[in-house]
Amino acid sequence: MRSATPAPIVIAPEVAEALAGGKAVVALETAVLTHGLPRQPVKRPCELAGWDESLPANLALSVLLDLSVRTGGAVPATVGMLDGTLHVGMDRAQLERLGHDTAARKLSTRDLGAAAAQRASGGTTVAATLAACEALRIRVFATGGIGGVHRHWTDRPDISADLAALARAPVAVISAGAKSILDLPATVEALDALGVPVLGLGTHHFPRFFSRGDSSLGVSCSAKDAREAAAICRAHWQFTGTGVLVANPPPERWALPTDEVESMIAAAMLEAVREGIRGAAVTPFLLDRVQRATGGRTVAANVAVLESNARTGAALARELAAAG
Ligand code: PSU
Ligand code: MN
């Protein structure tokens, strides 16, 4: 006989305890595990000690982020779906299962119900991870770059559900701005319209994921460090319940020049149009093409960004927890 419907959300005991005790918790997404990074092993992409080069790169990354959050003094809560159950807090075996599953779906908010009912597995995007944060009152979430308004949105309004999710979940999302494949000025305008502050961490420039940004695109406020950022987040949530996009520029050493990234993206986009790539497939397609075009330099930048954001997320979560 079939077992009863599985509980839709399972919280790892470690995460439940930390939340109940008001300790620092940092949520992590898994779309980057299932659809973001290559599945081939990659030699230490950016000289990071926690990188296991015997693992497929996607899995090595999730393992590294878990470790970085812990080293930063917070409890990682990796979110992902296994056989229809949404897990908040995934252990190594669960990450391995999801990372090796070639049938894993890319799950945005709209996809959670269908995947749960069909007992599917999948990696959660920023939007779907934010839904879990909202349900469990997790206040900090670290990712690479959020989705946003895609280029050519006037032809086809491809706007990531990440923006709508940020507009409703009171969560600080640490991100290197938004992904460089997007229309970044339009994305910043959309965040503005949704009432989501863009808080530059040690910068007044909106980061462009692979590059550090410049004076052509700014943020709505800046903080010098995690402590000041936490104070701004707390004050923000006294007035309204929207998320805060904490824009953390990529580490200097691994950032790429804007022009170089731009020409790669232009080429990848032409290819996407030629191949008729649409909807949820657009982001993974473009990331894959850009990664291949640079022979791993964008992979290094991507990993460096994610790791830096995980560490920054831990620092921010600790500041928020300390303030109660
Ligand atoms: N940034 C990356 N790799 C990724 C993503 C972002 O460097 O895999 C994922 C995030 O999970 C984000 C999603 O939420 O892409 C956005 O997809 P879409 O544009 O289809 O909403
Ligand atoms: Mn889209």
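The values are calculated or read from the model by the stated rules, or taken from the named source; none is laboratory data. Because the structure is a prediction, the values reported are computed rather than measured. Here the Cβ is made from the backbone with ideal geometry for all residues, glycine too, and neighbour counts use every protein chain on show. When the accessible area is computed, the model is the full protein with side chains, heavy atoms only, and any ligands, DNA or RNA have been set aside. Shrake-Rupley method; radii C 1.70, N 1.55, O 1.52, S 1.80 Å.
Data for the structure
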quantity: Per-region count, segment 110-156, residues in contact (Cβ under 8 Å) with a residue 12 or more places away in the chain, assigned to a helix (DSSP H, G or I), closer than 14 Å to M81 by Cβ and not hydrophobic (A, V, I, L, M, F, W, C); calculated: 3
quantity: Residue within segment 63-82 that is surrounded by fewer than 19 Cβ atoms within 10 Å (Cβ to Cβ), modelled with pLDDT of 95 or more, more than 14 Å from L28 (Cβ to Cβ) and in contact with a Ser or Thr (Cβ under 7 Å, 6 or more places away or on another chain) present; calculated: no
quantity: Test: R139 is open to solvent by 20 Å² or more (accessible area, probe 1.4 Å) and within 19 Å of the chain's Cα centre (by Cα); calculated: yes
quantity: Pick from segment 145-166, criterion more than 12 Å from ligand 2 (Cβ to nearest atom) and in contact with a Gly (Cβ under 7 Å, 6 or more places away or on another chain), ranking: farthest from R110 (Cα to Cα); calculated: G145
quantity: From P284, P257, residue being more than 21 Å from the chain's Cα centre (by Cα) and at pLDDT below 95; calculated: P257
quantity: Segments classed as strands (runs of 3 or more DSSP E), wholly inside segment 1-86, with at least 3 members that are more than 18 Å from G99 (Cα to Cα) and touching a strand residue (DSSP E or B) at 6+ places or on another chain (Cβ under 8 Å); calculated: 9-11
quantity: Residue selected from segment 157-177 under the condition in a strand (DSSP E or B) and at pLDDT 95 or above, by the criterion farthest from the chain's Cα centre (by Cα); calculated: I159
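Matching residues to (1) open to solvent by 20 Å² or more (accessible area, probe 1.4 Å); (2) touching a Lys or Arg at 6+ places or on another chain (Cβ under 8 Å):
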site: A172; (1), (2): no, yes
site: S180; (1), (2): no, yes
site: L191; (1), (2): no, no
site: L194; (1), (2): yes, no
site: G202; (1), (2): yes, yes
site: R208; (1), (2): yes, no
site: S211; (1), (2): no, no
